[in-house]
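Below is one structure, written out as structure tokens; comments come after it.
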């Protein structure tokens, strides 16, 4: 019993140091938390894009609330904002001379007092000829330019440069107040949006219910002198606030906001008005949107792009926060796709039609159509993602696209491949090498890199690097599907010299102990020699003619070589010598079918993407299957050495769409699996989990909110875990994207310095009969707890206002405790008597 208690105490102290699965912030360290949204944008005549909001960093460059992007999304370093703004930017307008008007809730720009409005020169410096005096006394929502160059400013303010100006003011081109724009009482509440008609009349909308003492519910039209246009009589108008206005070329007005009716007619969040303020019945949106509209822009062809907080239109159309309507108000079915993957994961605040017809979105989102796009994205005209435009407003420093593969060198350096073109804004076309701290190894020169994805990376015994994938060229040299690189990243021209390579994609490769290379995929020839789906190459890249497999159909995704040299291959619908063999089979060393490997049934019912062989010869498979031999086995199974299902390996039940992409086995035999799956009853994070050797969940591996999609896992020599994929996440107070390194107690050892760490949580008595108590360092607050049983099922959780937990109703046995504190999450084990 004393040994058990000692082990429990050690586990408690270990968890306070670095929790298994928590983000290792020493790797690719972030410079703070997520830092804000995009609220405004404007496109210059040269195609450059100015964006403003609450962010402080763009493309890893300090950009305090304002930045300018080149047309490809890279930051324009010729536009210098210095220290930028001290608060939010809400609106941007570009003048015909290229000067830029910026409004918001700020009081300084680059250290100079500028109350809520400033005009900048084309290089980002302050235009000193624009003098607004003391400016606005409160938030400015929008800035609008008239045809004559005069400037309309709207918002929440009640005075401008010391004069009473309720929520709207017009300025002359030099920034002085235009005295010919005569308001009386102005608006009685906030004005969010303002547009100028071709005749010079001014439409305003917002929260107000009167203007100049005249009842006008959330929308009004003003004459050019600021008086109310009595010809625009909207009756009871909107029943809630208007966020945005947009004018069509025919004078009709499209309105968006949080309203559900106009003048007694149901119009959910969007409406079109005739120029006389009556509702345009020809604009038929059915039941409209299901939540607020934040922004609207009209394309040259009359179609209407809409962004907001909604997720459906006219009930039946699924559209996550972005939609395009035809000119009659119906959904444009050619825009994006009507399914759960279309749209963003959070609000769209601004929509800009670029000069090239593409559509730029800004907001608080981090994804568009499952592509990581932090707060800003460019779309093609059909609503698909514009992959050529990639800025990221994020502190997690990484690639600009998903990571597919990770491989570790003996010296601790890290090879990565994927759908990226830069790492920390430095060119790295699809392939890069990182130092052990996550910085880019600039001595590794890939030149122009690969022209398509690398699906697998392997290192030879002499530290050369073999890559396989969909690519046709490496650094401009033809090498269809496979190449060998020198240690500095240059192409090893002695490998497969003069060969034509594979005639289709290579999905995977594995190295034999003798240096020969087995490749699998969808190819049918290699160097002109018939080799359907599978081939073995000599160390120099030529075809090994002694290895003649007879694969006749299928798609190979994973290869694992056993200690005895036999070869496990898996994928989808494999046929050997025209006989269907399912998704998994084993070959002898000469490529013939190993008939002693018997699955005992039909095997998996769908794709196998990854495999790993344990030290005891058992085989772990992962993929998108849901059954093995018609037994429910979702995403991951373990086979005995003879191919039969290992029924002693019981994994947690997973639900919904499950895809396992990679498997890594720790030195202690525990198994880490990664892919795409949602958290389950005992989950410690999405898309990644650690299993005990019997398949049960290890709840001590706590990854916080987890990840969106994991493609690659690698375990370092020190036990820390590298995770690559397609994600941008705020995980355990760390911003990470595409690659992260996780702590692992296996890496911490049992050194004296470690155990003498002062930061402890003591849990007692242990074993416990009734109340489990704990003590913490002074000043540390515990806010809540979770308890898991030995299978990983969560059995209890609550907020915590005392120093104990009532466990009297628990069954006898071992449990895992997670305490949520203001210093992080702490794990402990305890035994209930």
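Some values worked out for this structure:
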{"item": "Inverse mean reciprocal Cα-Cα distance (Kirkwood Rh) of the chain, Å", "result": "30.1 Å"}
{"item": "The range 697-727 residues near the modelled residue 797 label - backbone nitrogen below 20 Å, point 7 Å along Cα→Cβ", "result": "697-709"}
{"item": "Cβ crowding within 10 Å averaged over residues, with 595-605, 113-123 ranked highest first", "result": "113-123, 595-605"}
{"item": "Cβ-Cβ FRET estimate between residue 301 and residue 461, R0 fixed at 60 Å, reported to 0.05", "result": "0.50"}
{"item": "For the range 306-365, alpha-carbon Rg relative to the globular expectation (2.2 N^0.38 Å, N residues)", "result": "1.07"}
{"item": "Burial ordering of 320, 814, fewest other beta-carbon atoms within 10 Å first", "result": "814, 320"}
{"item": "Solution diffusion estimate, µm²/s, Stokes-Einstein, the range 498-636, Kirkwood Rh from C-alpha pairs, 37 °C, viscosity 0.692 mPa s", "result": "218 µm²/s"}
{"item": "For the range 619-710: relative contact order, % (alpha-carbon pairs under 8 angstrom, 6 or more apart)", "result": "22 percent"}
{"item": "Ordering of 100-109, 804-813, 692-701 by packing [mean C-beta count within 10 Å, highest first]", "result": "100-109, 692-701, 804-813"}
{"item": "The chain: angle of helix 2-17 to the longest principal axis, Cα-based, in degrees nearest 10", "result": "40 degrees"}
{"item": "Relative contact order of the chain, pairs being alpha-carbon contacts under 8 Å that are 6 or more residues apart, as %", "result": "9 percent"}
{"item": "Distant alpha-carbon pairs in the range 624-675 (separation over 13 angstrom), percent", "result": "63 percent"}
{"item": "Mean ellipticity per residue at 222 nm, deg cm²/dmol - from DSSP H runs of n ≥ 4 across the chain, formula -39500 (n - 2.57)", "result": "-500 deg cm²/dmol"}
{"item": "Within the range 588-608, backbone nitrogen closer than 15 Å to the virtual label 7 Å beyond the Cα of residue 631 toward Cβ", "result": "598-605"}
{"item": "Residue 500/residue 356 FRET efficiency (R0 41 Å; Cβ-Cβ; nearest 0.05)", "result": "0.60"}
{"item": "Segments 266-272, 143-149 sorted - mean Cβ within 10 Å per residue, highest first", "result": "266-272, 143-149"}
{"item": "R0 of 22 Å, Cβ-Cβ distance residue 602-residue 650: FRET efficiency to nearest 0.05", "result": "0.60"}
{"item": "Likely footprinting exposure, 404, 786, fewest C-beta neighbours within 10 Å first", "result": "786, 404"}
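Bear in mind these aren't lab numbers, they're just calculated from the coordinates by the rules spelled out. These numbers come from a predicted model, not from an experiment. Because the Cβ atoms are built from the backbone with ideal geometry, glycine has one as well, and the counts that use them run over all protein chains shown.
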